[in-house]
Amino acid sequence: MTRLILAPMEGLADDVLREVLTRVEAYDHAVTEFVRVSGTVLPLRAFTRLSPELRSGSATSSGTPVRVQLLGSDPACMADNAAQLVRLTPAGVDLNFGCPAPTVNRHRGGAALLDEPELLHAIASAVRKAVPPHIPFTAKMRLGVADTGRALDCGRALAEGGVDGLVVHARTKTDGYRPPAHWEWVGRIADVVAVPVVANGEVWNEDDWRRCRAVSGASDVMLGRGAVADPFLARRIRAGAVEAPRRDAEWAELQPLIGEFWQRVLIKVEARHAPGRLKQWLNLLRRNFIAAEQLYLAVRPERDVERVNQVLGAHGIPVLRAAA
């Protein structure tokens, strides 16, 4: 059976959304947003703040293991921080060579390093020494910075550096998130490395999942924005569904989870930031749910928490407690 992995999504899939999405359907594992490593050994709270799951067996409440992702460019510092993270017994340690954000890339992080396979090898080798064999150690990469000229070299560098597996987001840094994803390159990288390779990028529905596996040759797929836009996608894939989704029934199941998400957001962030988090998720959900489109349009002009509560209630979303 295929493994399904929930992607790290900076600014989108934090512990609050991971909790909700893995409640709908458990994943084989999830990966956190990146912990930025820059010149110092971070305190333990830096890791638990990003991944509160570390306090409860490094898994969501539904049992999905959560691996913690590190981002940085200094091999020794990355290794020191990996050793610090290991003290918390994470479900896995992952390296980020996929983030295309300019603010990250300007500081020599993420996908900007894909022009330097020798550095990727040095980082992987250093971190490998800090991560004991029983803790999974993986990396996520793109196909390159502006082109695919060094994609195979980067894959080899990470595999030979000691990672247990690779996730390949099948676009370059310059591509960003623009379609298409070049899934054939996942297979080309898999052909030159001796570790499992997971395909990632532009999987929005079951047909995309099937085509991704067929084109890439990869049996395992990482779901990102497609899983956020359609929280039932992983469930339907596992069930082998071939019929059109029953969106009304799915929306009825999703309503209390949206309410829970909202309440968790209110606990986590300042009230002035909470409506934006809700709108962000609804904006993706409306790709698949007519009711989400209607709710998004109603919530979009609101900035006050109590007004958002009222709108949610009017749309059948249970609000469990009043805003503080």
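The values are calculated or read from the model by the stated rules, or taken from the named source; none is laboratory data. This structure is a prediction, so every number in the text was calculated from the model and none was measured. Because the Cβ atoms are built from the backbone with ideal geometry, glycine has one as well, and the counts that use them run over all protein chains shown.
Among the conditions (1) under 19 Å from THR22 (Cβ atoms); (2) in the same structural domain as ARG178 (by TED's automatic domain parsing), SER216 misses just one, which is (1). With respect to the conditions (1) in a loop (DSSP other than H, G, I, E, B); (2) in contact (Cβ under 8 Å) with a residue 24 or more places away in the chain; (3) not assigned by TED's automatic domain parsing to the domain that holds VAL197, GLU270 falls short on a single one, namely (2). Which pairs do you get when a residue that is part of a loop (DSSP other than H, G, I, E, B), found in the stretch 178-194, comes within reach of a residue that is basic (Lys, Arg), reach meaning Cβ atoms under 8 angstrom, with the pair 6+ apart or on two chains? That search, which allows pairs on different chains as well, returns ARG178/ARG171; ALA181/ARG171; HIS182/ARG171; TRP183/ARG211; VAL193/ARG156. Give the stretch 67-100 a look and list any residue that's basic (Lys, Arg) and surrounded by 20 or more Cβ atoms within 10 Å (Cβ to Cβ), or say none. Correct list: ARG67 only. For the stretch 27-46, the set of residues classified as at pLDDT 95 or above and either small (Gly, Ala, Ser) or part of a helix (DSSP H, G or I) (or both) consists of ALA30, LEU44, ARG45, ALA46, listed by residue number.
If you filter the stretch 47-77 down to residues that are touching a residue at least 40 places away in the same chain (Cβ under 8 Å), within 14 Å of the chain's Cα centre (by Cα) and not in a loop (DSSP other than H, G, I, E, B), you find that the one that is farthest from THR138 (Cα to Cα) is VAL66.
Apart from one condition, THR64 fits all of (1) under 18 Å from PHE232 (Cβ atoms); (2) surrounded by fewer than 20 Cβ atoms within 10 Å (Cβ to Cβ); (3) β-branched (Val, Ile, Thr); the exception is (2).
Scanning the stretch 228-259 for residues that are under 15 Å from VAL20 (Cβ atoms), in a helix (DSSP H, G or I) and touching an Asp or Glu at 6+ places or on another chain (Cβ under 9 Å) gives LEU233, ALA234, ARG235, GLU250.
Residues in the stretch 29-48 that are β-branched (Val, Ile, Thr) and touching an Asp or Glu at 6+ places or on another chain (Cβ under 7 Å): VAL31, VAL41. The requirement of being hydrophobic (A, V, I, L, M, F, W, C) and not assigned by TED's automatic domain parsing to the domain that holds ARG23 is not satisfied by TRP204. Among the residues here, LEU320 does not qualify as at pLDDT 95 or above and outside the structural domain of ALA229 (by TED's automatic domain parsing). Exactly one residue out of GLU206, GLU160, GLU184 is acidic (Asp, Glu) and touching a His at 6+ places or on another chain (Cβ under 7 Å): that is GLU160.
Can you find a residue in the stretch 37-46 that is surrounded by 23 or more Cβ atoms within 10 Å (Cβ to Cβ) and in contact (Cβ under 8 Å) with a residue 40 or more places away in the chain? Yes, because at least one residue in the stretch 37-46 is surrounded by 23 or more Cβ atoms within 10 Å (Cβ to Cβ) and in contact (Cβ under 8 Å) with a residue 40 or more places away in the chain.
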